[in-house]
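Trainee: The following block contains the structure, expressed as structure tokens.
What follows draws every value from the coordinates through simple rules; no lab data is involved. From a predicted model like this one, the values you see are computed outputs, not experimental measurements. All Cβ positions, even for glycine, are placed from backbone atoms using ideal geometry, and neighbour counts span all protein chains on display.
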Amino acid sequence: MTKFIKMLGGIVICSFIGGLLTYFGIPLALMFGPIIAIIIFHRFGFSFPIPKHTITFVQVALGTSVGLMFNQVSLKEVDNLLLLLVMLVVCLAVQFSFSFFWFYRKVGWTKQEAMLGSVPGAMAAILALTDHTHTPPQKIVISHTIRLIILIFLAGIVVGSNNDPQPIFQLPQLSLESTFWLLVIVAVGVISGLILQRLRVPAPFMLTSLATATLIQGWLDVPLHFPLMLTELSMVLIGMNIGNHFIVFPLSSLIKNIYSSAQVVVINIFLTFLVTVFASWLTGYDISVLLLAWAPGSMEAMTFAAITMNLDAGFVMSNHIIRMVIIQSIPSLVLFWQEKRAKRP
């Protein structure tokens with residue numbers, strides 16, 4: 001009972017700090033706020049446990065959210081669509097390959113750490129994969145967090161700070177029909193996820209929720225939206241999870257890993273720029289739009305930057321959704337194939 005009260009108190013405190021930062025317009029504050037809170041409270045001798053099935057909840061929430069958004073992609077009017085999609089995959093491959101080489105060859109990470117730390121985005125999916133593979137997540141979490149911080153900082157420079165405060169708390173407005181279908185999506189995602197979990201498929205609940213939400217939303221005429229409160233709660237829990245990984249490192253090791261991760265992000269941004277210049281030359285599409293659309297993460301910040309710059313925000317968001325679907329699915333399938341291959345005599 002004491003542990004439950006301590007856990008609930010931690011979630012409330014972290015949510016409050018994240019909400020306060022959100023009010024002041026800090027991007028992704030519901031994730032970064034809990035990270036800061038966990039680190040500060042740890043310095044004063046306080047620790048907050050997180051719920052046992054946090055990763056499962058986050059997988060279902062994120063998979064359902066992305067699946068419901070996937071049917072809203074606005075690429076029908078884009079010229080050279082196939083070529084742009086191919087270049088998106090090429091860009092992802094360049095980002096991943098360089099990061100993997102740097103972490104594995106230069107920094108000395110293990111292959112599993114380098115692979116998971118090199119995926120350009122989808123931190124929640126990567127946390128699920130580290131849990132599945134029993135890979136120490138600390139370095140990987142730092143890599144993904146630093147990438148997010150740098151991207152959000154750059155987007156903030158482009159956009160400026162004169163944006164309105166973001167909503168902190170919003171009750172879900174759901175009809176009976178949409179509530180029913182959301183419950184069906186969650187139920188099917190969880191049940192089929194349990195089946196994949198028995199087959200030792202990595203991040204099973206994210207894959208099944210993503211597929212279920214995409215199929216059901218594509219079949220229905222009723223637009224479905226995942227409740228914002230649950231998305232916000234998943235961000236708070238991710239932040240608490242990340243914060244608990246940060247406090248494991250001594251300060252010297254933390255600084256060393258932050259420096260290595262920052263180097264990778266900066267060089268990756270430069271490589272992304274080179275790919276977008278080439279893609280723009282091939283297709284005639286605006287370099288600024290492609291750079292925001294193919295940035296290695298932070299869909300919210302990049303989409304907001306596109307809106308502020310009067311660029312094609314629909315194209316930017318659509319590319320990020322496709323990127324998220326790819327990087328949430330492929331690492332799980334690759335790890336599953338590797339495990340099956342390793343078990344063969």
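Trainee: Report the paramagnetic label zone for Ile326: residues of the range 92-107 whose backbone N is under 14 Å from a point 7 Å from Cα along the Cα-to-Cβ axis.
Mentor: 92-98
Trainee: How large is the Kirkwood hydrodynamic radius of the range 1-111, counting all unique pairs of alpha carbons, in Å? Working shown, then result.
Mentor: Values: mean 1/r = 0.0548 Å⁻¹.
18.3 Å is the Kirkwood radius here.
Trainee: I would also like to ask the following. Quick one: if you stick a label point 7 Å off each Cα along the C-beta vector at Thr231 and Leu176, how many nm between them?
Mentor: 2.7 nm
Trainee: Obtain the nm distance between the two label points defined at Ser253 and Phe98 by a simple spin-label model: each point lies 7 Å from its Cα along the Cα-to-C-beta direction.
Mentor: 2.9 nm
Trainee: With the crude spin-label approximation of a point 7 Å out along Cα→Cβ, what separation in nm comes out for Val266 versus Phe46?
Mentor: Distance between label points: 3.6 nm.
Trainee: If each residue of separation counts as 0.36 nm, what is the full-extension length gain between Ala187 and His53 once their alpha-carbon separation is subtracted?
Mentor: Working: separation 134, 0.36 × 134 = 48.24 nm, distance 1.56 nm.
Taking 0.36 nm per residue and subtracting the Cα distance, the gain is 46.7 nm.
Trainee: Kindly state, to the nearest 0.05, the FRET efficiency for Asn80 paired with Thr2, given R0 = 56 Å and r defined as their beta-carbon distance. Show your work: numbers first, answer last.
Mentor: Values: r = 61 Å, r/R0 = 1.08.
Once rounded, the FRET efficiency stands at 0.40.
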